Structures are given as structure tokens and as C-alpha cells.
Amino acid sequence: MDVVPAGVRADRLSKLGDATLGHILSFLPAAEAARAAALSRRWRHIFAAVHTISFKEPKRSVRDDDSYYWMDWSPGYGPPVDDTRPKPVHSQPFVNSVGAALHGRHRGALAAAAPLRGLFVAFDAFDASDAASATAVDGWLSYAAHQVDEEDEEDYLDLHSDPPQVCDYYAVPRSLFACAALRSLRLGGCRLDTPAAIALPSLDTLHLTRVTDRMNAAHVQRLVAGCPRLADLMLEACDAVSKLSLLDKHRIRRLALRCCHDLATVAINSSELREFEYGGAVPGPSFLTLHGPRRVVSCTLNFCGEEVTDREELARLMDFLGLFAGVIKLNLKSARLGAGIGHNILLSKLDFPALRNLELTGMLPEDDVATVSAVTRILQRTPSLQMLSLFLLPEPEDCDRECHDEESLRAAHKLRYNQYMTLPIPDCDDIPCLREQMRDINLVHYQGSMAQRMLAMLLLRKAPVLNEVYCEFARGPLFIQTKLMEEIKGWVLNKTANMMFF
């Protein structure tokens, strides 16, 4: 029995087994996990027991004009190619550190390194024309694939490169697509060159971001077809994909399609689909075809661009929303709060009877009374709603960057409060969900504009069973935040409700 001197705390953590300590360190970035070797002799070789290696290359400083050069472009898109612009220089020390971590797992006193279950590498910049770096990445993936094949664990591979700095897309080696035990694969800023036969029988999670190959757009479809157990699929900014089929053997539970602007048609077996996410313009009438029963419980729709006003486009929007009328949670993002749905006369034909949680993200300008009324019309179609969250986006800055320095822009704030303003009461019919069901109301980035105050007053005064109010103010002076907080407290009908302000 070990005797610990009085006044000295026992080091119980170091008495844990190698596998347990390695599992704990696996939740840390690899560089921090490796530093544990300096704690004591007991920890010197514990890195070999780490089963998940995570690296993220630090962001590099860029010229001021680079940020403006790339702003306002959707993911996967960018300004015209300028060959005169200097290419980023790849960070060789970062490549060396990843290689050292993988090889370092096989050094030391442990009999054998723990099987690798996860590899995550995120580049800030990667130039695939650098042969040495590309060869190093090939080696990492081959090593990880070999480790994965030896164990039947929850194994995953992540490889990402942020788009603004990518000079040439890295081609994923074909050997990766024959890894029978791989469970999760996330690739970003890469190019697919899939073999004719793909064997990923265990893969259930596939996330592809900025994965492209304009010469052969069928690579993504071929990859998806080779994953019979696929349950979670995300495509983001994959601009070469024009159609996607997830029928027959596929049983997708989560599908996310973000900024795939050229994607025209998607067909999916919806019998197991529970979560759906879409980001982009209002899709065409034949964009999404659901085969089988509709059992989606959570839906996120992020519509790019300005608010929809065209009558034909509004009709397409309502048809698209109608596919998810039975969801329990709906997250609707758009330029203006409510995506123009409340202004649409077709809303009277669409109900969300099972909806419990509604999140609306968008702008609500100073005098936009019409949008306030539109939001109330949306609430009238959600009789079972219990939680409402409003994420109030700031209006775009109208300034000349040549006339304002960065410090003055940061000092500006969006908060406003006019105690002498008489708030008009919106003319609206009864809202059953506010009267009977509403338990939580969240206001995020609340700025205190007239329209925002009108909407907050209407909601809080008509919710007698409200349990919790959460309000996060936009940046600004404390005295304005205090004025707005006291005003909101006065509006809350149920004075026993829990109120939180930040």
C-alpha cells in the first residue's frame, strides 16, 4: 500500500491504466496531448495509447485586400482566377508535425500503439502541386486506412483545407475507397478520383465540403452508391454535382445540402429520413422527390439572397415547405425574418400541426411593420408551438471602407431606444399557440428597433403560460441595454417566468 505524506495530494490520475489515459488524451488536440509527456515519467509514453489524432493548422495572416477579394462569394465559388496573385506557401512544419505524431505513436515503452480510431487534419492552406506535401498526405491516409481495417471501432477520417487559400485540389488516393471498416469520412477542399468499384460497407457518415471534379461529376454519386449503410450525408459547395439519387438500398437518416448551386434534382428514400437541411436559392418544383412515408422531424432551410417577392417563386417556396409540414422542429433562415412566407396568401393553405420548436433567422429593419404582421400569421399556422427563437440579423453596413478605419467601425453599435416613441399595436387575429402552448421565447441579437420592440411586445403580452424568456442584446452601451431589459420585463404577462438577459 502506497503511503502519501501528510499535506501531499495523491496523484490518482497517473494510477489509471495506459488505455484509460490514452482515451482521455484523445479528446485533446494532438499537440496538447503530446505535451502530457512532460508531466512525469509515468506519462512519457502515454501518447502511444492515444487513439484519435487531431491537428488544425493555425490561420495565417493575409493582406487586407485579400479579405475584400474573397468577400460576398458563396462557398465553393470565388472571383475570377488571377494568375498574377501570389500562391500561398504551404506550411512544411505543419506537415512534419502531423507525420511526427503518427510515427511517434510507435515509439516508447508500450508493447504496441493503440489502434488509430480517428484522424482529423485541417489545413489553412494546401497546394497539391507541392509533391512532397501531397505524398505526405497520401502516407497519412494509407496509414490510417490500414489501422482502421485492423479494428472494428468507430473509426473516422477528416481532411480539410479552407477554400480561400487552396491553389490546387488534392486528389484523394483510390485506396481509401476500399477501407471496409471505415465508419465516418469527412473530406474538404479535395478532388475525388474514385475507382470503378467502391467498397465502403461500414461507412455511415459522409461529409463532403468543396469536393469537386468538373471533369467527371459522377464521382460523388458513385461514392454514395458504394456506401450501403450510409445514414448521414452532407454535401456543401460541391458545385460539380447536378443530380443525386438515394434510392433502393439507401436508408438515409440525415441529409444536408448546402450551397450546391448546380444541384437540380434529388431523389431519396424518405422512409428513414429524420433530419433535412437545405441551403441555397428557392429550389425548382422538381428539386426534391421523397419516395416513401414522410417522417422528417427536424428541418433547416437557409435561403440565400434577397427576400422572395416574385409570385411564382413564392409558390415554389410554399410547395417546398409543404414537404415538411409534419416536422417538430423548423429552422428558417433568410434575408428578412420569416423568408416572406407570412406575406404569401398561399400560407392559408399550409399548416404545421406538429411543430413544437420554431427558429426564425433574418433581418427586422426599423420600420418593417409588415414583417411583424407576417410573423404573427406564421404563428397562427402553428397551433402546437412551444418554443420560439428569433435570431435578429443586423442590417448591412452602408459605409466606405476608405473613409472609416477598423477601430471606428468596431466602436459602432446597433442598440437603440426611444422612450418617447409610441409603439403601434399590430392588428392581428388570435394566436392559439401563444395563448395556450408557448413556454419559451428567445430573442437573440435584440437591437431595440421599433419593429423589434413591436414584435417582442406582441409576443410577451399574449403568452400567459410562458415559463422562460431569454434575451441577448446586440453590442452597445449598458444604459441602453438596461432600458430595453426593463421594458421587456414590463411586457411579460407571466411575472413568474424565468427571465435571462445577456
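All other residues whose Cβ lies under 12 angstrom from that of L321 are scored, Lys and Arg at +1 and Asp and Glu at -1, for a net of +1.
The charge dipole of region 184-337, taken about the Cα centre with unit charges on the Cβ atoms of Lys, Arg (+1) and Asp, Glu (-1), comes to about 480 debye, rounded to the nearest 20.
Checking the a/c ratio against 1.5 first, then a/b against b/c, what shape does the Cα gyration tensor give for region 290-340? Here region 290-340 falls in the oblate category. Which of rounded, prolate or oblate describes region 438-502 when judged by the alpha-carbon gyration tensor and an a/c cut-off of 1.5? The shape class here is prolate. Backbone phi angles across region 37-54, fed through the Karplus curve with coefficients 6.51, -1.76 and 1.60 (θ = phi - 60°), yield HN-Hα couplings of 4, 7, 5, 5, 4, 4, 9, 4, 10, 5, 4, 5, 8, 6, 9, 10, 9, 10 Hz in residue order; Gly and Pro are listed as x. Taking every C-alpha pair closer than 8 Å and separated by at least 6 residues, the mean separation divided by the residue count of region 346-398 gives a relative contact order of 55 percent. Averaging Cα coordinates gives a centre for region 12-61 and one for region 234-277; these two points are 37 Å apart.
The base-10 log of I(q)/I(0) for region 214-348, evaluated at q = 0.22 Å⁻¹, reads -1.45 [Debye formula, identical scatterers on Cα atoms, solvent excluded]. When peptides 274-282, 442-450, 494-502 are ranked by their average number of other Cβ atoms within 10 Å per residue, the highest-first order is 442-450, 274-282, 494-502.
Here, each number is a calculation from the coordinates, and none is a lab measurement. Since the model is a prediction, treat every value here as computed from it, not as a measurement. Every residue, glycine among them, receives a Cβ derived from its backbone with ideal geometry; neighbour counts consider all protein chains shown.
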